[in-house]
Structures are given as C-alpha cells and as structure tokens.
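Presented below is the structure to which this report refers.
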Amino acid sequence: HFYLYEKVNIIHLHFIAQLQEAFAAGLLKPGMNVLVDKPKKLVNNVEGLKQCLADFRKDLPWVERLDLTNLPAANIISQAEEKASAPAAGELDADDDFQREMFFYRQAQATILEAMPLLNRHSIATKRPEDYFAEMAKSDQHMQKIRKKLISKQMIMERSEKAKKLREQRKFGKKVQIEVIQKRQQEKKAMMSAVKKYQKGMTDKLEFLEGDQKMNKESSQGSKKAVNKKGPSAKRKYKDQKFGFGGKKSGKKWNTKESYNDVSGFRAKIAHGKGGKKGKGGKQNKRPGKSVRKKMKNRS
Amino acid sequence: MDQQPSADREKLPGRSISGKWTNKERVLIFSSRGINFRTRHLMQDLRTMMPHAKADTKMDRKDKLFVINEVCEIKNCNKCLYFEAKKKQDLYMWISNSPHGPSAKFLVQNIHTLAELKLTGNCLKGSRPLLSFDPKFDKEPHYALLKELFIQTFSTPRYHPKSQPFVDHVFTFTIADNRIWFRNYQIIEEDGSLVEIGPRFVLNLMKIFQGSFGGPTLYENPDFRSPNMHRREMRLAAAAKVREKQMVKEMQKGKKTSAKEDLESDVTADVFLTPAEEKPADIQTEAPEPKVVKKKQKAFKRQRMQMARR
C-alpha cells in the first residue's frame, strides 16, 4: 500500500489517441490517472436463445425422444441416518465423489421409476427374452475380464481377512501361553522359598506342602493332556526329519547289498574314456602364464 | 452371437408391427488430427452407443470449421459431434445441428471409456436409451437450448434399422459446479437397480453459436477458464510461493548480518558497588587430621526376622 497524495482518476480508455482527444476535450482532471481494462462484457443473448430454441425445437412424440427431467429419488440411507440431505436443498458438491455419484445414480433411478409405466403404456419392453441373442456393446471377452478382476479382488480381501484373524488368534494364544508359564514360575518360586524358609528355621508350619502338592498334581496332569493331543508341531516334525534325532549318523554311505547292486551311477563314456580331456577341453578358459601375459602387455 | 434382427422383430412380445422409421436423425461423429488414445476410444464408444451415428475420416485442423457443414451434407447427416484436440492435451467437443441450427463448444474433461474394468455394466448394442435431465436444465435459457440439442442428438430414433427395440440403459445429464456431467447406466431391475456401463465425461460449456460452427454468439460462459490460463495460473502461483520463500529467507539473512546497535555503557552502573573488606591470607602449615568413619553394625536378615517375631 502506498499513501495517495492526490485523487486517483480511473479512466476506461484503451488508446493513446483517445487519451489525447479526451485531454483536448477537457475530460482529464489533474491527479493520478490509472488505466484499467473495461470489464469484459460476456454475451448472454436471452432473446436470441429463446428465439433459436423456438426455431430449432422439433415436436416429437415422447416415444421418439424418451426423455425425462426429474430430481433424484429420495436417499434412503441418509433418511435412515437422519442426516440433512444438502443436495436435495441446493448445491451438489462436485468434489465429494461419493455424494456426487450417488446423486447421479438416484437421478437415473427416479427416471426409471417414472418411465416404467409410460413405457408399458407404449408397449416398449425393457427386458429381453431369454433366447434373444444379440450383439452387446461390450464383447463377451471383455465381460470375462471384468468378472475375473472382480473375483480376484474378492479373493484378495478374503485372504487378508483370514490372515488378520490368524494373526489375532496367534497373539491371543501367545498371551495365554505366557500367562500360564508365568503362573507356574511364580508357584515354583513360592514353593521353593517356603521350603527354604522351613529348612532355615524361619517358619515351623508345614501347610504349604499339602496345599501345593494337591494343586500341582492336578494342574500338571491337566496341562500334559492338553499338550499331548496334538503331538509335536509341524515345525518340530520338519526339523526332526531334516536333522535327524541327533545320535545316529546318516548311514547313506554304507555298503549294503542294495547299494552294491545299484548301477545307476555308471557312465560308460567316462568309465571307458581313459580319463582324456576334461569336459570342454581344458584350455578354453585357461589364463595364459605370467611370461606370456607380460609379453602381451609389452606388445599392446 | 449375432442374429437376423428383422426375422426376430415380428416375433418379439413388445412389438406388434415393425414400424416405419420416420424420425430421420443422423449424427456424424468424427475428430481432428492429433487426438490421443482416450479420445479415440471415447469416439468409438459413442458410435457403439448410438446406432444412428456415422463415422468419418480425421479432418485437418487447417481447414476452417464451416467445411464441416459440407461434410455433413455429403454424408446426409443433420447433427454433428466433432472432437478437436489442441496441444495434445485439451479436448474440445462441438455439438451442432448441421445446416442452420445452433451449435455449442465444450471443453471435455474426466474421460472414462467403455473399456475401463471398473465399469461393469453392459447393454445391447444399439438399444434405445432413456434420457434423464436435471431440472436445472429448464431454469436457464441456454441450458434449455442445450437440453433440446442433447435430446435430438443422443436419442435413438424409433424403428431405426440398426437399433434394438429394448430400452435397457439410461443417459444422465446433470449440472454440477457449472459443468454438465454425463453418465450411462444399465437397467438391471425394473425397480431401479443400476450398474454403470460407461463412457463418462464432463462437459464445460464455452460458447453457444446461432449458426452451425459459426454465426453470432448467443451465449458465453462467464465461469469458463481456458485450460491454458488455468495452467498458467498454477505456474504463477507456484512461482509466487517460491519467490515469497526466498524473500523471507533474504530478510532473515539481512537481519542477522546487519550491524547491531551498541548499547551505550551506563555511567551510573557502578555507583552502588562497594568493594568487600580484605581478609588476612590464611596459610596452613600442618596437614589436617584424617576423619574416622564409624561403621554401623546391622544384624543379618535372619536375625532381624527372628527379632521381629519376638
């Protein structure tokens, strides 16, 4: 902002010639004259538009045109939630994608609901009979692609749901396991300290023995039963199979009757070839010796 | 999957007699050179959807627009949809009633073609559409004129030889944000469940002319900003932001490096200072005695517990 010391006159003139004429005529006043563009006049020839429409309009029966003008059908969802349905009242927000598309959808719905009785009256069908085969706008191949895509989307969702559930289950199972282990450890600790105390003469009561013994027997048996039902886990089984049971050696290199009689590893060429050239012929990839390399280097 | 339509037409339940095709509307759909794949597919889709449409070769942009009227006459078409691509980015669509009638120019945006996998509906090729308009079309004279143009162009004439007698899809034209949104839905159930078929696009009105591809301007859209201006504005805004940031940085730099004023030394600052009295220097000649630390005697835990019990 700058402080204006003189009055500013705004002039709607474009050309210097006009400016000169205005000066001659005495229209220009002293002070700062600012040149501004004329506000653009946009054409809106309402009369012309109406005339044009009247000329251009074709009075066709409705059956030829099949057009309808209507507001969208009532929004059931928003009514159920008792939200204020703003689009019904006034402006539709073009940026809210979901709202906008629902608006278009409901407009089409309202059209159909209004048009059905009219179509029936003019005996125009909307459903084609089962055996009517005709070319569709999208080819069958394309529809197959669409179907596959939808199915794959569904499968992905299902898989992710399953994975989530499994993860939750595992977490929960882990929690329970940890709790059980901790409980057991605490009991053991309590027991040991009680025994120690008795041994060192700090307490002379022996009640802890009976109570713990009863509880321990029952709980240990109960937990063992639960664990043994499933046996070793899949991971354990796999590791046993791979690394064996620790003690016994692999025993794959023993000379048994079967291994002696097994001639599948016999290659006649190699057996009768008298150990000639190795696979390709040794020298193909062989690196030249030090003196040869030196000579090559000196030459280049 | 094709069938001889004429043979079946007499057997159809909805049709008593194959009628005469009286409403002779033919639409010429073609484009200029330099269109991209999306525009080409959109044109093909429109030709699929409208059995009363005819195709033509690409027109050179050097020719003036009124040449199109002659092309239409040659092809015996009375409506025209002409797609013009500029700068390989912007697509303009002309819709016009060929010999005398009004014409309109639009900027086309947000094109989605029939081939998109998210548009899952399907309809008979050449079936007649229902047209659905927003009530806002009746409120303004220019929209009313556009509505009439759309009705005459997009509705398939009854008993057209290439058309199918069923009505199984709806075209919707809605006005939102000063633009016209076009959607195409398939009618699945008669109670109103719909699936979108496509194509879909948005039309931004520029001008309406009294003649076909020319003539006096009847209406100019005040809210229309040409895509060039739009891009320029974005660039200017970005540039202005960068310049502002730089200015701020420079100002801060200036502040740091500018000479700071020296605070004048206060003459009266040391008026109330009184120096402390001098203490005699104390020199220690003998080392100090070592401290004796007494250890506390605490009883062991067991003993403490016994004592506590007692």
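Some points to look at:
- Residue in segment B:166-183 that is surrounded by fewer than 20 Cβ atoms within 10 Å (Cβ to Cβ) and within 27 Å of B:T22 (Cβ to Cβ) present: no
- Reported count of residues in segment B:71-90, each being open to solvent by less than 10 Å² (accessible area, probe 1.4 Å) and closer than 30 Å to A:K145 by Cβ, is 3.
- The residues in segment B:52-65 that are assigned to a strand (DSSP E or B) and open to solvent by 50 Å² or more (accessible area, probe 1.4 Å) can be counted, and the count is 1.
- When we screen B:G19, B:G34 for residues that are farther than 23 Å from B:H160 by Cβ, open to solvent by less than 70 Å² (accessible area, probe 1.4 Å) and in a loop (DSSP other than H, G, I, E, B), the only hit is B:G34.
- Residue count, segment A:36-72 (criterion: among the small types (G, A, S) and open to solvent by less than 20 Å² (accessible area, probe 1.4 Å)): 1
- Filtered by the rule that a residue be over 18 Å from B:P51 (Cβ atoms), facing chain A (nearest Cβ under 7 Å) and crowded, with 21+ Cβ neighbours inside 10 Å, segment B:104-133 gives B:S132, B:F133.
- Single condition B:I68 does not satisfy, out of (1) within 21 Å of B:G214 (Cβ to Cβ); (2) surrounded by fewer than 15 Cβ atoms within 10 Å (Cβ to Cβ): (2)
- Condition met for B:S132 (in contact with a Cys (Cβ under 9 Å, 6 or more places away or on another chain), on the phi < 0 side of the Ramachandran plot and assigned to a strand (DSSP E or B)): no
- In summary, helices (runs of 4 or more DSSP H) completely within segment A:16-117 and bearing 3 or more residues that are at pLDDT 75 or above and within 11 Å of chain B (Cβ to nearest Cβ) occur at A:46-56, A:62-65.
The values are calculated or read from the model by the stated rules, or taken from the named source; none is laboratory data. Here the structure is a predicted model, which means the values were calculated and not measured. Cβ sites come from the backbone with ideal geometry, for glycine too, and all protein chains shown count toward neighbours. We work out accessible area using only protein heavy atoms, side chains counted, and drop any ligands, DNA or RNA first. Shrake-Rupley method; radii C 1.70, N 1.55, O 1.52, S 1.80 Å.
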